[in-house]
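Enquirer: Structure below; questions to follow.
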Amino acid sequence: WVATPFPVEFLSLGTGGMGVPVRATISAFGPILLSKVLGLNQNQESTLGLIFHYADQQGLPLLDLKDLRSVITFLTTTDDGKAQLKTLGAVSSQTAGVILRALVNLEAEGGDTFFGEPEMEPADLLQVNEQGKGVITLFEVGEQAARPVMFSTFLMWVLADLFTYLPEVGDIDKPKLVFFFDEAHLLFKDASKAFLGQVEQTVKLIRSKGVGVFFCTQ
C-alpha cells in the first residue's frame with residue numbers, strides 16, 4: 001500500500017467482505033449485465049431480456065435473485081405461466097430453465113448477498129472530507145474472488161448508474177471522478193455484442209458528465 005493524504009473508504013461487493021457492503025437491485029442491474037455475470041450466450045441473454053420485459057409489464061418488482069427466480073419458475077411450471085410464456089415470443093421453456101439453473105448456481109456461490117436493497121447511491125462516490133479533499137473509494141473483491149466477472153461487471157454497472165445520475169458538464173479540464181478498472185480483460189472476455197455495445201456507449205458519453213475511465217490489464 002502507498003500512503004496517501006486523501007481519505008480512503010473501503011467498500012465490499014455484497015455482505016461477505018470487510019468493507020462497507022454495497023448492493024444493487026436486479027431491475028437496476030438489468031438483463032445485459034446480469035447475462036454477463038451468469039455466463040449466458042446471446043440467445044439466452046435475449047430470453048432474459050424478454051423475461052425482464054414481462055416482469056416490468058406485469059408490475060413485478062425484481063429486487064433480488066429470489067424475485068427473478070420466482071418469475072421464471074411461474075412461467076415454466078404453472079399452467080397460467082406457460083400460457084403467458086408463449087406470448088413472449090421466442091422464449092422456450094428449455095432456455096428459461098437454463099437461466100433458472102444459472103441463477104441457482106449464482107445464489108449458491110453467494111451472489112444473493114449482492115442483489116437487493118438498500119441499493120448503492122451514486123452520490124456515495126463523490127464524497128469530500130471536511131478539508132474539501134475527495135475520498136478514494138476502493139472496492140474489495142472479498143468472496144467474489146471466485147467469480148471475478150461479477151466484480152468487474154458490477155463496476156460497469158456503477159459507471160452506468162453514474163451516467164444517469166450526473167448532470168452534463170461538458171469537456172472540463174479536470175474530471176470530478178476517475179474510475180480505474182483493474183484486471184479489465186475480465187470485463188470483455190466472452191462478452192456479447194449487446195454488452196460490448198453498452199460498455200462502449202457508456203465510456204464514450206460519460207466524459208461529458210465529468211468522469212474519466214482507465215482500463216488496466218496485463
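Enquirer: Could you say which residue among 155, 187 is farther than 22 Å from residue 127 by Cα, modelled with pLDDT under 90 and in contact with a Leu (Cβ under 9 Å, 6 or more places away or on another chain)? Give the derivation first.
Expert: Values: 155 fails: farther than 22 Å from residue 127 by Cα.
Only one candidate passes the filter, namely 187.
Enquirer: Follow-up question, since we're still on this one. Just to check your reading of the model, which residue among 179, 163, 115, 154 is touching a strand residue (DSSP E or B) at 6+ places or on another chain (Cβ under 9 Å), among the hydrophobic types (A, V, I, L, M, F, W, C) and open to solvent by 40 Å² or more (accessible area, probe 1.4 Å)? Full working, then the answer.
Expert: Values: 179 fails: open to solvent by 40 Å² or more (accessible area, probe 1.4 Å); 115 fails: open to solvent by 40 Å² or more (accessible area, probe 1.4 Å); 154 fails: open to solvent by 40 Å² or more (accessible area, probe 1.4 Å).
After applying the criteria, what remains is 163.
Enquirer: Could you tell me which residue of the stretch 133-151 is least open to solvent (accessible area, probe 1.4 Å), considering only residues that are over 20 Å from residue 30 (Cα atoms) and at pLDDT below 80?
Expert: Here the residue is 142.
Enquirer: For the stretch 79-88, how many residues are under 16 Å from residue 54 (Cα atoms) and open to solvent by 50 Å² or more (accessible area, probe 1.4 Å)? Explain how you work it out, then say what you get.
Expert: Initially, the stretch 79-88 is screened for residues under 16 Å from residue 54 (Cα atoms), giving 80-88.
With open to solvent by 50 Å² or more (accessible area, probe 1.4 Å) added as a condition, the list becomes 80, 82-84, 86-87.
Looking only at that region, the number is 6.
Enquirer: Just one of (1) closer than 16 Å to residue 40 by Cα; (2) among the charged types (D, E, K, R); (3) under 18 Å from the mean Cα position of the chain (by Cα) trips up residue 112, so point out which.
Expert: The one condition residue 112 does not meet is (1).
Enquirer: On to the next question. Out of contact with any strand residue (DSSP E or B) (no Cβ under 7 Å at 6 or more places or on another chain) and open to solvent by 20 Å² or more (accessible area, probe 1.4 Å): does that describe residue 47? Spell out how you get there, then give the answer.
Expert: Numbers: out of contact with any strand residue (DSSP E or B) (no Cβ under 7 Å at 6 or more places or on another chain): yes; open to solvent by 20 Å² or more (accessible area, probe 1.4 Å): no.
No.
Enquirer: Look through 123, 96 and report the one residue that is within 24 Å of residue 160 (Cα to Cα), small (Gly, Ala, Ser) and either open to solvent by 30 Å² or more (accessible area, probe 1.4 Å) or free of Cβ contacts under 8 Å to residues at least 60 places away in the same chain (or both). Before the answer, list the steps.
Expert: Working: 96 fails: within 24 Å of residue 160 (Cα to Cα).
Selected residue: 123, the only one of 123, 96 that is within 24 Å of residue 160 (Cα to Cα), small (Gly, Ala, Ser) and either open to solvent by 30 Å² or more (accessible area, probe 1.4 Å) or free of Cβ contacts under 8 Å to residues at least 60 places away in the same chain (or both).
Enquirer: Now a separate question. Would you confirm whether or not the stretch 110-120 contains a residue that is of a type in the set (A, V, I, L, M) and either in a helix (DSSP H, G or I) or modelled with pLDDT under 85 (or both)? Don't jump to the end; show me each part of the working.
Expert: Residues of the stretch 110-120 that are of a type in the set (A, V, I, L, M), as a first pass: 120.
From the residues that got through so far, the ones that are either in a helix (DSSP H, G or I) or modelled with pLDDT under 85 (or both) too are none.
For the stretch 110-120, residues of a type in the set (A, V, I, L, M) and either in a helix (DSSP H, G or I) or modelled with pLDDT under 85 (or both): absent.
The values are calculated or read from the model by the stated rules, or taken from the named source; none is laboratory data. The structure presented is a predicted model; accordingly, all values stated were derived computationally and were not measured. Positions of Cβ are backbone-derived with ideal geometry, glycine not excepted, and every protein chain shown enters the neighbour counts. All accessible areas refer to the heavy atoms of the entire protein, side chains included, with ligands and DNA or RNA removed. Shrake-Rupley method; radii C 1.70, N 1.55, O 1.52, S 1.80 Å.
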